[in-house]
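Chemist: Quick one: the structure is below, questions incoming.
The values are calculated or read from the model by the stated rules, or taken from the named source; none is laboratory data. Note that this is a predicted model, so its numbers are computed, not measured. Here the Cβ positions follow ideal geometry from the backbone for every residue, glycine too, while neighbour counts run over all protein chains shown. Just so you know, the surface numbers come from the protein's heavy atoms only, side chains and all, with ligands and any DNA or RNA stripped out. Shrake-Rupley method; radii C 1.70, N 1.55, O 1.52, S 1.80 Å.
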Amino acid sequence: MIPSHASVSAFSLQALRAARPLLWTRPDNAATGAGVAFTLADVQAAHDRFARFAPLLAQLFPELEAAAGVIESPLRDAAAMQQALGLPAASGRLWIKADHALPVAGSIKARGGIHEVLEFTEKLALAHGLVAPGDDYRKLGTPAARACFAQYQVAVGSTGNLGLSIGVIASALGFRAAVHMSADAKEWKKARLRARGVEVVEHPGDYEKAVAAGRRQVQADAHGYFVDDERSASLFLGYAAAALRLREQIAQAGIVVDAEHPLFVYLPCGVGGAPGGIAFGLSLLYGAHAHCFFAEPVQSPCFLLRMMAGHGQLPGVPVPPSVYDIGLTNQTEADGLAVPRASDLAYAAVGQSLAGVYTVADDTLYGDLARLHDSEGLRIEPSAAAGFSGPRQLLGSLAGQQWLRQRGLRPHLARATHLAWTTGGLYVPAEEYGRFLSRGQRLAAAPQAPTGAPSLHHSRRA
Ligand SMILES: *Cc1c(COP(=O)(O)O)cnc(C)c1O
């Protein structure tokens, strides 16, 4: 029996409230509040801006010298992880987009955060006559340019990684930088920023409170610039530019994406800017052949709530909804994803095209973090492991199987590409990583996902 839509959403809401992992897929009806006017030209402009700054970045960051200033991560085959996850070859092939290794910021925030600071820098530099269009931007590394930038403050509110990215690039260019950190931000992230001369302001509250505090501080500063994670088009387009780079890597790897070769992309989601930008870019490039799923902690499913509200599935809950509205805590070890309310901008951009959203228990994140270490030798932070629950949820849950059938994708699974986006980890200190790993190895040793996440083996027997 196929459950009616109303009963599916009632079931989802029940699982959500109980913090049980689930997959929600987007119904075909139009969502309210969705629809945004970015174009491929906007995404290309962000990509080109990174290219103009590359020579300067190579000069500012020794770790970018070999790549001539291009901040990019590899697309990797993940056959060993595929086996560790028990994902059968008949269901397609697993790949990893390794943003956990992005230089400079050590997370996906290198894309949006750095792009926005570069855009601000470029506007200032043109306005002050430090460069003219077409110039070599290495001029912006000279003492005269730096003295100009030193008059300006760049500020941001963050759970940690956005602060790291903004703080590091802003201070490298010569700006004063202030990062407002939420209570869940990790100590090592604050220490790393302070070591670079960034002012770190600690707030006892959550991500929304840290953002609000940053916004207030900058309003009082005539030379202040605030990077607004909840509303920024520049951040969003910096993330979206990743799609152009990924398309090249996909082609180079010989991966085909078309109606008979679906691409499934699994993206860890906080406020929705990073995964939203990437999903938006991929939908521009691949249309309906790219199926993007967002991954959120069971206690912080803010984007899922926003999607449900947009489809009329959250009666009685205020719009835009917060995870507190349905009794969740927003407490998770996945600090990069600990966000109570989704970005309206991200929702407007992908609310009409996203394939679905699933939730993941913290224990599952740790288990997959350890599996990735033991199989592929990659070191990621817990937030970045959320993508690996994607194939498990899509292939192993009733909602996933139903969605695959409805979209006519079942016959093409054997030729499918499953792409898990690993979003952070490069700069996690060894001691902290050691704790993640031993917790994860204990959990991964258990024969089944201990959290109620569907098991692939079960569903295949069913
Ligand atoms: C910020 C972050 C994300 C998600 O980005 P949002 O723009 O907040 O949705 C995912 N993973 C990691 C490690 C992050 O730091």
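Chemist: Being over 20 Å from GLU260 (Cα atoms), open to solvent by 10 Å² or more (accessible area, probe 1.4 Å), away from the ligand (no atom under 14 Å from the Cβ) and out of contact with any helix residue (DSSP H, G or I) (no Cβ under 8 Å at 6 or more places or on another chain): is that true of ALA348 here?
Modeler: Yes: the conditions hold for ALA348.
Chemist: May I pose another question? Inspect all residues belonging to region 47-59 and state whether any of them is more than 26 Å from GLY390 (Cα to Cα) and either among the acidic types (Asp, Glu) or modelled with pLDDT under 95 (or both).
Modeler: Yes - at least one qualifying residue is present in region 47-59.
Chemist: Identify, from the list GLY254, GLY281, the residue that is more than 12 Å from the ligand (Cβ to nearest atom) and open to solvent by 10 Å² or more (accessible area, probe 1.4 Å).
Modeler: Result of the check over GLY254, GLY281: GLY254.
Chemist: Among the residues of region 66-112, count how many are more than 16 Å from the ligand (Cβ to nearest atom) and among the acidic types (Asp, Glu).
Modeler: So the answer is 2.
Chemist: Looking only at helices (runs of 4 or more DSSP H) that fall completely inside region 345-427, which ones have 3 or more residues that are touching a Lys or Arg at 6+ places or on another chain (Cβ under 6 Å), aliphatic (A, V, I, L, M) and in contact (Cβ under 8 Å) with a residue 12 or more places away in the chain?
Modeler: none
Chemist: Ok, one more. Right, PHE120: more than 13 Å from the ligand (Cβ to nearest atom) and open to solvent by less than 20 Å² (accessible area, probe 1.4 Å) or not?
Modeler: Against the criterion (more than 13 Å from the ligand (Cβ to nearest atom) and open to solvent by less than 20 Å² (accessible area, probe 1.4 Å)), PHE120 does not qualify.
Chemist: Restricting to region 58-88, what's the tally of residues that are surrounded by fewer than 17 Cβ atoms within 10 Å (Cβ to Cβ) and among the aromatic types (Phe, Trp, Tyr)?
Modeler: 0
Chemist: I would also like to ask the following. Here's a check for you: in region 382-433, which residue that is within 19 Å of the chain's Cα centre (by Cα) and of a type in the set (Phe, Trp, Tyr) is nearest to ILE108 (Cα to Cα)?
Modeler: Going through the qualifying residues, I end up with TRP421.
Chemist: So for region 98-110 (the condition being within 22 Å of the chain's Cα centre (by Cα), charged (D, E, K, R), open to solvent by 10 Å² or more (accessible area, probe 1.4 Å) and closer than 30 Å to HIS223 by Cβ), does at least one residue qualify?
Modeler: Within region 98-110, one or more residues are within 22 Å of the chain's Cα centre (by Cα), charged (D, E, K, R), open to solvent by 10 Å² or more (accessible area, probe 1.4 Å) and closer than 30 Å to HIS223 by Cβ.
Chemist: In this structure, does GLY106 turn out to be within 30 Å of LEU394 (Cα to Cα) and in contact with a strand residue (DSSP E or B) (Cβ under 8 Å, 6 or more places away or on another chain)?
Modeler: Against the criterion (within 30 Å of LEU394 (Cα to Cα) and in contact with a strand residue (DSSP E or B) (Cβ under 8 Å, 6 or more places away or on another chain)), GLY106 qualifies.
One line per residue, one yes/no per condition, for (1) surrounded by 23 or more Cβ atoms within 10 Å (Cβ to Cβ); (2) not in a loop (DSSP other than H, G, I, E, B):
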position: PRO275; (1), (2): yes, yes
position: LEU285; (1), (2): no, yes
position: HIS291; (1), (2): yes, yes
position: GLU296; (1), (2): yes, yes
position: PRO315; (1), (2): no, no
position: PRO318; (1), (2): no, no
position: ASP325; (1), (2): no, yes
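Chemist: With the requirement that a residue be open to solvent by 20 Å² or more (accessible area, probe 1.4 Å) and over 20 Å from the mean Cα position of the chain (by Cα), what does region 41-57 give you?
Modeler: ALA41, ALA45, ASP48, ARG49, ALA51, ARG52, PRO55
Chemist: Just for region 191-217: of the residues that are touching a Ser or Thr at 6+ places or on another chain (Cβ under 6 Å) and part of a helix (DSSP H, G or I), which one is nearest to VAL154 (Cα to Cα)?
Modeler: ALA210
Chemist: Would you check if VAL265 is β-branched (Val, Ile, Thr), open to solvent by 10 Å² or more (accessible area, probe 1.4 Å) and farther than 15 Å from TRP24 by Cβ?
Modeler: No: the conditions fail for VAL265.
Chemist: Something else about it: When you check GLU260 against the structure, is it without any contact (Cβ under 8 Å) to a residue 24 or more places away in the chain, over 30 Å from MET181 (Cα atoms) and away from the ligand (no atom under 16 Å from the Cβ), yes or no?
Modeler: Spelling it out, it is not the case that GLU260 is without any contact (Cβ under 8 Å) to a residue 24 or more places away in the chain, over 30 Å from MET181 (Cα atoms) and away from the ligand (no atom under 16 Å from the Cβ).
Chemist: Shifting gears a bit: How many residues, within region 159-174, are away from the ligand (no atom under 13 Å from the Cβ) and either β-branched (Val, Ile, Thr) or open to solvent by less than 10 Å² (accessible area, probe 1.4 Å) (or both)?
Modeler: 5
Chemist: Report whether or not LEU304 is within 14 Å of the ligand (Cβ to nearest atom), closer than 29 Å to ALA10 by Cα and either outside the structural domain of ASP363 (by the TED database) or part of a helix (DSSP H, G or I) (or both).
Modeler: yes
Chemist: Got a sec? Which of ARG192, ARG247 is surrounded by fewer than 19 Cβ atoms within 10 Å (Cβ to Cβ) and not β-branched (Val, Ile, Thr)?
Modeler: After applying the criteria, what remains is ARG247.
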